[in-house]
Every structure is written in C-alpha cells, then in structure tokens.
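Peer 1: The structure under discussion is supplied below as structure tokens; questions concerning it will follow.
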Amino acid sequence: MAKNLQSVRGMRDILPDQSSSWQFIENTARELFNSYGYKELRTPVIESTELFKRSIGDATDIVEKEMYTFEDRNGDSLTLRPEGTAGCVRAGMQHGLFHNQQQRIWYIGPMFRHERPQKGRYRGFYQAGIETYGIDGPDIDAEIIAVAARFWKKIGFKNVRLEINSLGSNEARQAYREVLIEYFGNNEELLDDDSKRRLHQNPLRILDTKNPKMKDLVDHAPNLLEYLDEESKEHFEGLKQRLTAMGIKYQVNSRLVRGIDYYNRTVFEWITDDLGAQGTICAGGRYDGLVKQLGGRATSACGFGIGLDRLQLLVEEQKLDQSNYQPHAYFVLAGKDAEATGVAIAEKLRDAHPRLRLLVNGGAGSFKSQLKRADNSGAEYALILGDNEVAEGTITLKPLRNKELQQQTVSQQYLDKFVSDNLL
C-alpha cells in the first residue's frame, strides 16, 4: 500500500482556520511600514549561494549548517534564502537603488533554514523586515526600533523587552576580536568544540554560546563596550538618548553580538518570556559595510527582521486577533430557478457593497443540508431563495447567530437596504 504523502519535516501547512491571525499580523505590518514611508521590495526566494557566503559569513551556523543549497541543471550553486537582508542588498546594487539616494524599504515572505524544529520555529518560516540605506547617524537606528515598538502596540503585545548593544566600527571590532582570541585562547581547555572552531574565525560568536558550561567563562570575558572607538561611543549614546526621549525602555546587553557577521555598531533584540527559552521575536542593527562587502560603494545600512511564526503563536495563545473574516451571509438557493437567479442577485449585491462577505451555496443540495452549511460557515444570516421566492420577487432572511431576531421575508428590492443596515 502506498505511503500517504506528508509535508517535509520542518515545513508546514497554514490551514484556513489559522489564516485569520496570519492576515492580522501581515496587514498590521504592511500598514505600519507604509505609514513610516517605507516601500515594499520583493526579491526571489532562490539566490546564488555565493551571496549568502559573502554576506552572512562562512563561519556562521547559518552558512555552515542550516542553508538549503543545491545545484541546478547548469551546475550553478543556488540556495533558498535563509534571511532577507542579503537579497535586498543584491537587488539594490543590481538596480541602482543606492546611488546618491536614501532608501527605506520593507519585505515580507518565506525563508528557509535546516535547523531543529521546535515550538514556533520551523525550517520553512516567514519573516517581515525593514531596511534603510544611505542614512548615517543614530536617528535612523532609533526610528527602526520605534517602528518595532509601535508594531507590538498595534498587535497588542505587552510582555516584550528591548536589549541593545554596540559592536563598534569595523576597526574597533577587529581590535576587540584580537583581545577575545587571546582571552579564549588562554582558556581553550574550557571551550566546547564549536567555540574552538570559531576561536580564530569569529570569536565574537563565542559570546553568543548557549552552552551553560561556558557561562562563567563568557561572563568574565573582556567587555566589548570598553573597546569602542569614540565615534561609535557617540553614536551609541545618541541612540540611547533618542530611545529615552521616545519613552522606549531598553537594557544594554554587552554580550549581544547577533549570529551574522555583517553587523557593526548598533545591534538589538526584542525578547518575550511568553515563548520559553527561545524568546527573540525581532532582531536587527547596523550593517554599514555590507554593500561594499558585496561589491558596491560604501553605504550606510540599518534594519530588522521579525519572525512571524512565533508572533502568530502569541497572537493565537493570547487571543489578540480581533479581526473577523467569517461571511456576513450565506446564500441558500433551493431550486433550479433559484440557482439561476441567485447568482445574479449575489453579483449585484457585491457590486453595491464591496465590503460584503457573501458565500453562495455551491453544488446544490437539499434545503436542510444547505442550512447546515450556512450555520457551519459562521455567517450571521442565511439569505434563502427558493423557486417560489423567485416567482414572487421576495427573499427570506434567517438570523443564524442572534436567536432573539425573527426570520422575515422581504421584497428583493429591500435586500440592498437590509445589507447596508444590518450586515455592514
């Protein structure tokens, strides 16, 4: 017997009953990003593997362990995108978006990483983010953090906190890198295998280890903030001043380094305790060297990414989605004349009321079975049209949710006013 086909491990279907909360989150994000003057950029799901190796970094977990990479028929190495920023930079360079101009853009879509599936974390996941290019100074850093803060308000999240840090300039980061190599090298016997491998490739990533046995060693490592250059210190102070002025609370976490090599200066994470140990729901910062690193001109850049799968879990668990996508009415068509006439009436109603959600019965069925479908649809009313009503020019309106209301039969001419007064 043939085995039933299943979705690939770590990938999932978003079922119709779950789509309401997804639309709530996505629509809120789109409206908010647009309100700040950001414009949407859509990039391909598949990019050249070299793009991610050069941007994210060869020594990162994403490139080493998590990317879905394959060769196409021409022998080219391609990768399903594991994050959104690299594709945005590639598109900006390819289409000349960064030449003597500022850009504020946003994106939303699927990403892919081959990591261990767990609650709210999948191998095929969805992310939304904003990106800014060509804007120096801490003002834009503060703006993108403010966008995220307003997003939590609009969604209804309360238990969210902000952690910030500065990685300094590329020169300051390189100097700190040498200090870390010396410190961890002197304690190499205490490092786990991953940290030993990273010691000379990317020692800052050791600070982000999740190994509890290394906690004491990491806690006593040299403090990154003590090695910042003066310009980076000034930039970081400017960010903190602006966050305070906007009433956005934050904590400075000197061990926050992010898992991608392209970050410099500002980095931040929004964290919730409502999802257990894996509580980061939004992360970002500056990546001023990325455009140049990929072959373009030096361009200031800053942005964040939000994991939508984890947000959707919180929205459902905390019942934050107040939107209603159930049909306003279900059109019961009992009889051949009713079926022919009803579809025309339905289209006229949709022309007159663009916001009307009207579900018309399909596939015939007995009167009883159609009423059952109407009730199961979640509609407020059943609009009942039989062959007798067609002949008489009437229609019956049956309330399905409010039992205090009475069923009534009215003229078809009255139907338009009824929809305006009672359904919209």
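Readers should treat all values here as calculations from the given coordinates under stated rules, not as data from a laboratory. Because the structure is a prediction, the values reported are computed rather than measured. Note that we place each Cβ from the backbone using ideal geometry, even for glycine, and neighbour counts take in every protein chain shown.
Peer 1: Under the classification rounded if a/c is under 1.5, otherwise prolate if a/b is larger than b/c and oblate if not, where does region 106-186 fall, given a ≥ b ≥ c as square roots of the Cα gyration tensor eigenvalues?
Peer 2: On the way: a/c = 1.98, a/b = 1.31, b/c = 1.51.
Because a/c hits 1.5 or more and a/b fails to exceed b/c, region 106-186 counts as oblate.
Peer 1: Only Lys, Arg, Asp and Glu count, each charged at its Cβ (+1, +1, -1, -1), so figure out the dipole size of the chain about its Cα centre, rounded to 20 debye.
Peer 2: 800 debye
Peer 1: Just to be sure I understand: with springs between alpha-carbon atoms less than 10 Å apart, which residue in R373, R198, R297 has the highest mean-square fluctuation in the Gaussian network model of the chain?
Peer 2: The residue with the greatest mean-square fluctuation here is R373.
Peer 1: Apply the Debye scattering formula to region 62-138, with a single equal point scatterer on each alpha-carbon and no solvent, then give log10 I(q)/I(0) at q = 0.12, 0.18 Å⁻¹.
Peer 2: -0.47, -0.88
Peer 1: Say each of R73 and Q413 gets a label point 7 Å from the Cα, pointing the same way as Cα to Cβ; how far apart are those two points in nm?
Peer 2: Inter-label distance under the simple model: 6.4 nm.
Peer 1: Also: May I ask you to derive the relative contact order of the chain, considering only C-alpha pairs under 8 Å and at least 6 residues apart, and to give it as an integer percent?
Peer 2: Working: 694 pairs, mean separation 64.5, N = 424.
It comes to 15 percent, rounded to a whole number.
Peer 1: Obtain the nm distance between the two label points defined at R297 and E231 by a simple spin-label model: each point lies 7 Å from its Cα along the Cα-to-C-beta direction.
Peer 2: 1.7 nm
Peer 1: Note the full-extension length gain between H114 and R12 as 0.36 nm times their separation in residues minus their Cα-Cα distance, in nm to one decimal. Each step should come with its number before you reach the end.
Peer 2: Working: separation 102, 0.36 × 102 = 36.72 nm, distance 1.36 nm.
So the extension gain works out to 35.4 nm.
Peer 1: So for region 135-281, Kirkwood radius off the Cα pairs, Stokes-Einstein at 25 °C and 0.890 mPa s: how many µm² s⁻¹?
Peer 2: Estimated diffusion coefficient is 149 µm²/s.
Peer 1: Right, next: What does the helix-only formula give at 222 nm for the chain: each DSSP H stretch with n ≥ 4 adding -39500 (n - 2.57), the total divided by the residues, and the result rounded to the nearest 500 deg cm²/dmol?
Peer 2: -10500 deg cm²/dmol
Peer 1: While we're looking at this one, here's another question. Going by how many other beta carbons lie within 10 Å of each one, how would you line up E182, E404, fewest first?
Peer 2: E404, E182
Peer 1: To the nearest Å, what is the center-to-center distance of region 1-28 and region 118-181, using C-alpha atoms only?
Peer 2: Measuring centre to centre over Cα atoms gives 28 Å.
Peer 1: Which order results if R121, R205 are arranged by neighbouring Cβ count within 10 Å, fewest first?
Peer 2: R121, R205
Peer 1: If a/c stays under 1.5 just call it rounded; otherwise compare a/b with b/c (prolate if a/b is bigger, oblate if not). Do that for region 325-377, with a ≥ b ≥ c from the square roots of the Cα gyration tensor eigenvalues.
Peer 2: oblate
Peer 1: According to the square roots a ≥ b ≥ c of the eigenvalues of the Cα gyration tensor, what is the shape class of region 258-332, taking rounded for a/c under 1.5, prolate for a/b larger than b/c otherwise, and oblate for the remainder? List each step's numbers first, then the result.
Peer 2: Numbers: a/c = 4.60, a/b = 2.02, b/c = 2.28.
Oblate is the answer for region 258-332, as a/c is 1.5 or above yet b/c matches or exceeds a/b.
Peer 1: If you take every residue apart from K368 with its C-beta less than 15 Å away from the C-beta of K368, what net charge results, scoring Lys and Arg +1 and Asp and Glu -1?
Peer 2: +2
Peer 1: What's the exposure ranking of F151, F367, going from fewest to most Cβ atoms within 10 Å?
Peer 2: Working: F151 23, F367 13.
The most exposed by this proxy come first: F367, F151.
Peer 1: Would you calculate the separation in nanometres between label points at N34 and Y250, each defined as 7 Å from the Cα along the Cα-to-beta-carbon direction?
Peer 2: A separation of 2.9 nm, rounded to one decimal place.
Peer 1: Could you please report the charge total around S35, scoring K, R as +1 and D, E as -1 over all other residues with beta-carbon less than 11 angstrom from its beta-carbon?
Peer 2: Summing Lys/Arg as +1 and Asp/Glu as -1 gives +2.
Peer 1: Further question: Let's test this: bin the Cα-Cα distances of region 329-423 at 5 Å from zero up to the farthest pair and state each bin's percent.
Peer 2: Spelled out per bin, shortest first, that is 3, 14, 27, 29, 20, 7, 0.
Peer 1: Let me ask another. Taking a temperature of 25 °C and a viscosity of 0.890 mPa s, what whole-number D in µm²/s does Stokes-Einstein yield for the chain with Rh from Kirkwood over alpha carbon pairs? Numbers along the way, then the final one.
Peer 2: Values: Rh = 25.1 Å.
Rounded to a whole number, D works out at 98 µm²/s.
Peer 1: Then there is this: Compute the signed sum of charges (Lys and Arg +1, Asp and Glu -1) over the other residues within less than 14 Å, Cβ to Cβ, of G185.
Peer 2: Result for the local shell: 0.
Peer 1: Starting with the highest mean, order 304-315, 384-395 by the number of other Cβ atoms within 10 Å, averaged over the residues of each peptide. Numbers along the way, then the final one.
Peer 2: Working: 304-315: 21.3, 384-395: 17.8.
Result, highest mean first: 304-315, 384-395.
Peer 1: Given Cα pairs under 8 Å that are at least 6 residues apart, what percent is the relative contact order of region 169-272? Write down the numbers at each step before the final one.
Peer 2: Numbers: 72 pairs, mean separation 35.3, N = 104.
Here the relative contact order equals 34 percent.
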